[in-house]
Amino acid sequence: MASARLAPASPASCWHQPTAQYSQQPSPPQPVVVRHQLLWSDVVLPLNCSANEKQGGQVMSLKEDWQEINAEDWQGTSLWSTVAMALAALYVLAQHLLTADQWVFLLDHANLAIHEAGHPIVGIFSGRLAVYGGTLFQLLFPLLFVHHFWRQRHSLGFAAAWLWLGASVLNVARYMKDARSQQLPLVGGGEHDWTEIFSRWNLLASDTRIAGVFSLMGASICVAAVVWLWFRDRHDA
């Protein structure tokens with residue numbers, strides 16, 4: 001008796017065919033993978049990067065920032081600004097090198113206020129180092145303005161800040177020279193900073209020689225500020 005041989009069913013006949021309505025429905029949204037990143041000084045750093053890579057990114061960012069600032073043009077130069085700067089430098093040098101008081105009106109008043117503020121601020125961290133705080137603040141404060149005007153690319157402000165620094169160095173030299181003689185009036189009648197500092201380092205006998213070196217440094221900075229502004233004006237003309 002011949003048996004009936006069943007033909008294999010086609011795959012289409014084994015599955016339920018989707019309706020037209022179902023087939024037209026939009027496919028479910030695909031998952032979106034988000035890579036988190038950290039912005040650090042204009043450098044994009046992955047969160048899973050190593051500490052060395054982050055440190056390298058910081059160095060590159062500072063270098064790029066330096067290059068970007070240096071690429072910008074300086075502003076604020078003119079013949080009159082150079083003349084005014086030269087007159088101001090002459091006044092500072094004349095007061096410190098040709099007068100007995102060696103005091104620049106207003107500028108040294110500001111230096112004195114900054115100097116006195118430096119002692120208690122540094123004294124918060126170390127009583128022994130408080131004696132250095134006055135001179136430290138007196139020199140660092142003009143440098144902050146040097147950095148500020150350099151970033152702003154403002155020629156007159158940059159040169160004026162350097163002139164201020166030179167005048168501050170001259171003022172420090174004046175104080176150093178008085179370490180042994182102690183003829184200068186002291187604010188509050190306290191101890192003489194440089195008598196204490198030189199005594200700690202066994203340099204009290206060399207106070208005038210060290211003061212002379214600082215006087216030369218301060219005068220050189222004042223002259224350099226004017227010369228730089230003059231060359232800057234000629235370059236921009």
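General observations
- Those residues of the range 124-138 which are without any contact (Cβ under 8 Å) to a residue 40 or more places away in the chain, touching a His at 6+ places or on another chain (Cβ under 8 Å) and of a type outside the set (Gly, Ala, Ser), in sequence order: PHE137, GLN138
- Inspection of the range 53-69 identifies no residue that is modelled with pLDDT of 50 or more and assigned to a loop (DSSP other than H, G, I, E, B).
- Any chance PHE198 is surrounded by fewer than 20 Cβ atoms within 10 Å (Cβ to Cβ), touching a Leu at 6+ places or on another chain (Cβ under 7 Å) and modelled with pLDDT of 95 or more: yes
- ALA179 vs. criteria touching a His at 6+ places or on another chain (Cβ under 8 Å), without any contact (Cβ under 8 Å) to a residue 40 or more places away in the chain and surrounded by 21 or more Cβ atoms within 10 Å (Cβ to Cβ): yes
- Residue under evaluation TRP162, criteria (1) crowded, with 22+ Cβ neighbours inside 10 Å; (2) under 16 Å from ASP108 (Cβ atoms), criterion not met: (2)
The values are calculated or read from the model by the stated rules, or taken from the named source; none is laboratory data. Treat the numbers as computed from the prediction; the structure is a model and nothing was measured. Quick reminder, even Gly has a Cβ in these numbers, built from the backbone with ideal geometry, and neighbours come from all protein chains shown.
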